[in-house]
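Undergrad: Once you've had a glance at the structure underneath, I'll fire off some questions.
The values are calculated or read from the model by the stated rules, or taken from the named source; none is laboratory data. Values in this document were obtained by computation on a predicted structure and should not be read as measured data. Quick reminder, even Gly has a Cβ in these numbers, built from the backbone with ideal geometry, and neighbours come from all protein chains shown.
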């Protein structure tokens, strides 16, 4: 444990060598992608990225506003950094992301130690912002450039944002207010960037968007055409995409998924509730019958698909009958995984003002019941895979065992394998020999 004097000497030593930056990321895959973009910008500006926060002269927190818990974690971190800045006043602290966009100067009023706040659309302005002296600066406008072109992320797997923003305005969701209207990147630019990623060793790409299926509507393009263009890129082995709005999935789009062999059979389709009445209050724009037909179509057309979802319990006005509808849906459709959350009121959204807010203790009870049911389903699905074979991409060492590697199936399930001839980056066929809730264990069929 460092003393204050130890930290000061580390900090001073770092300053004498090179400017060092540390990025702290909360939230979704889009935030993680944004942090990669920011890290490349900082490197171009002469910063060295460090995982050691104590050695950094510049600390940037990339924030999330989707739930109160996410914001609470950021506020707690800022409180600790504010104390540190009193000890080492030369460090610079910045906040970016959805929380920065939502709260703006409220953050600097609460934490005057913050040097600047960067909104969700201002990442490309960071080089100019870094040159400006002074604190409490707020940048929450809109840049004309979505992202710098060609930001290579070295690695076997890369995320790539293709559309920013959302205009669905679900009644509980803050995203349209902090990410803005949908703005698509050009298809040629996207394909060029993927080609650069492949040159640096990438084999799997995940296309990102708050509503990925809305890609291209603002620039006379389509997600269907983008998917075909990406699929045609030489050297790319796997394609994934997140997140899909169930309202936008059509039968012909499912046909495209099944016809393109590089598209992995993993579909994340957030249903949010099993009650048509609650879906109406949420303004989701589809019914449970529509959702079931989508799932049925995917399971008919795609080989052994993995279907995952998001669920919210305790939405305002949710009765026990509504919750029972959700439990029945989960039991019927048997999702591979469900990301389940208590409803979290977000200031500025219509649902925040709804009557009949569900008591917190009842939200907790319903969440536990739902999680227990989904845990059993996930275990059963994984155990049913034992004895079968799966294609996996080996992508990292097992941090819990130096003698094994981790890979992922096309359905996005983690597989632990021991191997004498295969290495990270290889794609191979394994037989599943064991399974639990969290991962599978496999053996290569050629060993």
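Undergrad: Check whether at least one residue in segment 103-117 is in contact (Cβ under 8 Å) with a residue 40 or more places away in the chain, touching a helix residue (DSSP H, G or I) at 6+ places or on another chain (Cβ under 9 Å) and surrounded by fewer than 23 Cβ atoms within 10 Å (Cβ to Cβ), and report yes or no. Reasoning before the result, please.
TA: So in segment 103-117, the residues in contact (Cβ under 8 Å) with a residue 40 or more places away in the chain come out as none.
Looking for residues that are in contact (Cβ under 8 Å) with a residue 40 or more places away in the chain, touching a helix residue (DSSP H, G or I) at 6+ places or on another chain (Cβ under 9 Å) and surrounded by fewer than 23 Cβ atoms within 10 Å (Cβ to Cβ), one finds none in segment 103-117, hence no.
Undergrad: Among the listed residues 239, 194, 190, which satisfies the condition of being in a helix (DSSP H, G or I), under 21 Å from residue 424 (Cβ atoms) and in contact with a helix residue (DSSP H, G or I) (Cβ under 8 Å, 6 or more places away or on another chain)?
TA: Numbers: 239 fails: in a helix (DSSP H, G or I); 190 fails: under 21 Å from residue 424 (Cβ atoms).
Within the list 239, 194, 190, the selection yields 194.
Undergrad: Restricting to segment 41-50, name every residue that is surrounded by 17 or more Cβ atoms within 10 Å (Cβ to Cβ) and assigned to a helix (DSSP H, G or I).
TA: Answer for segment 41-50, where residues must be surrounded by 17 or more Cβ atoms within 10 Å (Cβ to Cβ) and assigned to a helix (DSSP H, G or I): 41, 42.
Undergrad: Okay, next question. Can you tell me which residue within segment 170-198, out of those that are surrounded by fewer than 17 Cβ atoms within 10 Å (Cβ to Cβ) and in contact (Cβ under 8 Å) with a residue 12 or more places away in the chain, is nearest to residue 102 (Cα to Cα)?
TA: Taking segment 170-198 and keeping what is surrounded by fewer than 17 Cβ atoms within 10 Å (Cβ to Cβ), we get 181, 183, 186, 188-189, 191-192, 195-196.
Then keep just the ones that are in contact (Cβ under 8 Å) with a residue 12 or more places away in the chain; that gives 181, 183, 186, 189, 191-192, 195-196.
Values: 181: 15, 183: 19, 186: 27, 189: 29, 191: 32, 192: 33, 195: 35, 196: 34 Å.
Of everything passing the filter in segment 170-198, 181 is nearest to residue 102 (Cα to Cα).
Undergrad: Looking only at segment 259-277, decide whether some residue is assigned to a helix (DSSP H, G or I) and outside the structural domain of residue 325 (by TED's automatic domain parsing).
TA: Residues of segment 259-277 that are assigned to a helix (DSSP H, G or I), as a first pass: 259, 276-277.
Subset that is outside the structural domain of residue 325 (by TED's automatic domain parsing): 259.
There is at least one residue in segment 259-277 that is assigned to a helix (DSSP H, G or I) and outside the structural domain of residue 325 (by TED's automatic domain parsing).
Undergrad: Could you run through segment 328-358 and say how many residues are in a loop (DSSP other than H, G, I, E, B) and closer than 23 Å to residue 170 by Cβ? Before the answer, list the steps.
TA: To start, the set of residues in segment 328-358 that are in a loop (DSSP other than H, G, I, E, B) comprises 334-336, 343-349, 354-358.
Narrowing further to those that are closer than 23 Å to residue 170 by Cβ: 335, 343-349, 354-358.
Total satisfying the criteria: 13.
Undergrad: Restricting to segment 297-321, name every residue that is within 18 Å of residue 370 (Cβ to Cβ) and either part of a loop (DSSP other than H, G, I, E, B) or touching a helix residue (DSSP H, G or I) at 6+ places or on another chain (Cβ under 7 Å) (or both).
TA: Within segment 297-321, the subset within 18 Å of residue 370 (Cβ to Cβ) is 307-321.
Passing the criteria: 307, 311, 313, 314, 315, 316, 317, 318, 319.
Undergrad: Continuing with the same structure: Quick check on my filter: what residues within segment 315-333 are surrounded by 15 or more Cβ atoms within 10 Å (Cβ to Cβ) and under 26 Å from residue 267 (Cβ atoms)?
TA: 315, 318, 322, 323, 325, 326, 327, 329, 330, 333 - these are the residues of segment 315-333 that are surrounded by 15 or more Cβ atoms within 10 Å (Cβ to Cβ) and under 26 Å from residue 267 (Cβ atoms).
Undergrad: Residue by residue through segment 13-39, note down the ones that are modelled with pLDDT of 50 or more and in a helix (DSSP H, G or I). Outline the logic, then answer.
TA: Filtering segment 13-39 for residues modelled with pLDDT of 50 or more gives 17-39.
Within segment 13-39, 17, 29, 30, 31, 32, 33, 34, 35, 36, 37, 38, 39 qualify.
Undergrad: Out of curiosity, is residue 409 at pLDDT below 95 and in contact with a strand residue (DSSP E or B) (Cβ under 6 Å, 6 or more places away or on another chain)?
TA: In short, no.
Undergrad: Restricting to segment 423-437, give me the number of residues that are assigned to a loop (DSSP other than H, G, I, E, B) and surrounded by fewer than 14 Cβ atoms within 10 Å (Cβ to Cβ). Explain how you work it out, then say what you get.
TA: Within segment 423-437, the subset assigned to a loop (DSSP other than H, G, I, E, B) is 423-426, 436-437.
From the residues that got through so far, the ones that are surrounded by fewer than 14 Cβ atoms within 10 Å (Cβ to Cβ) too are 423-425, 436.
Residues in segment 423-437 being assigned to a loop (DSSP other than H, G, I, E, B) and surrounded by fewer than 14 Cβ atoms within 10 Å (Cβ to Cβ): 4 in total.
Undergrad: Okay, moving on. Which helices (runs of 4 or more DSSP H) does segment 51-145 wholly contain that include 1 or more residues that are farther than 27 Å from residue 343 by Cβ and at pLDDT below 95? Steps first, please.
TA: Details: elements: 68-87, 98-103, 105-110, 126-130.
Result: 68-87, 105-110, 126-130.
Undergrad: I'm trying to understand the selection: among the residues of segment 217-229, which are surrounded by 17 or more Cβ atoms within 10 Å (Cβ to Cβ) and in contact with a helix residue (DSSP H, G or I) (Cβ under 6 Å, 6 or more places away or on another chain)?
TA: Within segment 217-229, 221, 223, 224, 226 qualify.
Undergrad: Out of all the residues in segment 202-214, is one or more closer than 29 Å to residue 351 by Cα, assigned to a helix (DSSP H, G or I) and touching a residue at least 60 places away in the same chain (Cβ under 8 Å)? Lay out the reasoning, then the answer.
TA: Kept after step one, since they are closer than 29 Å to residue 351 by Cα, are these residues of segment 202-214: 208-214.
Now narrow it down to the ones that are assigned to a helix (DSSP H, G or I): 212-214.
Subset that is touching a residue at least 60 places away in the same chain (Cβ under 8 Å): none.
No; the residues of segment 202-214 include none that is closer than 29 Å to residue 351 by Cα, assigned to a helix (DSSP H, G or I) and touching a residue at least 60 places away in the same chain (Cβ under 8 Å).
Undergrad: Now for a different question. Among (1) more than 25 Å from residue 392 (Cα to Cα); (2) in a helix (DSSP H, G or I), where does residue 218 come up short?
TA: (2)
Undergrad: Separate question: From 260, 311, 279, grab the single residue that is surrounded by fewer than 19 Cβ atoms within 10 Å (Cβ to Cβ), in contact with a strand residue (DSSP E or B) (Cβ under 9 Å, 6 or more places away or on another chain) and modelled with pLDDT of 95 or more. Let's see the steps before the verdict.
TA: Working: 311 fails: surrounded by fewer than 19 Cβ atoms within 10 Å (Cβ to Cβ); 279 fails: surrounded by fewer than 19 Cβ atoms within 10 Å (Cβ to Cβ).
Selected residue: 260, the only one of 260, 311, 279 that is surrounded by fewer than 19 Cβ atoms within 10 Å (Cβ to Cβ), in contact with a strand residue (DSSP E or B) (Cβ under 9 Å, 6 or more places away or on another chain) and modelled with pLDDT of 95 or more.
Undergrad: So which of 431, 365 is more than 21 Å from residue 337 (Cβ to Cβ) and assigned by TED's automatic domain parsing to the domain that holds residue 318? Even if it seems obvious, please write down each step before you answer.
TA: Details: 431 fails: assigned by TED's automatic domain parsing to the domain that holds residue 318.
Residue meeting the stated conditions: 365.
Undergrad: Now a separate question. Kindly indicate which of 392, 364 is at pLDDT 95 or above and in a helix (DSSP H, G or I).
TA: Working: 392 fails: in a helix (DSSP H, G or I).
It is 364.
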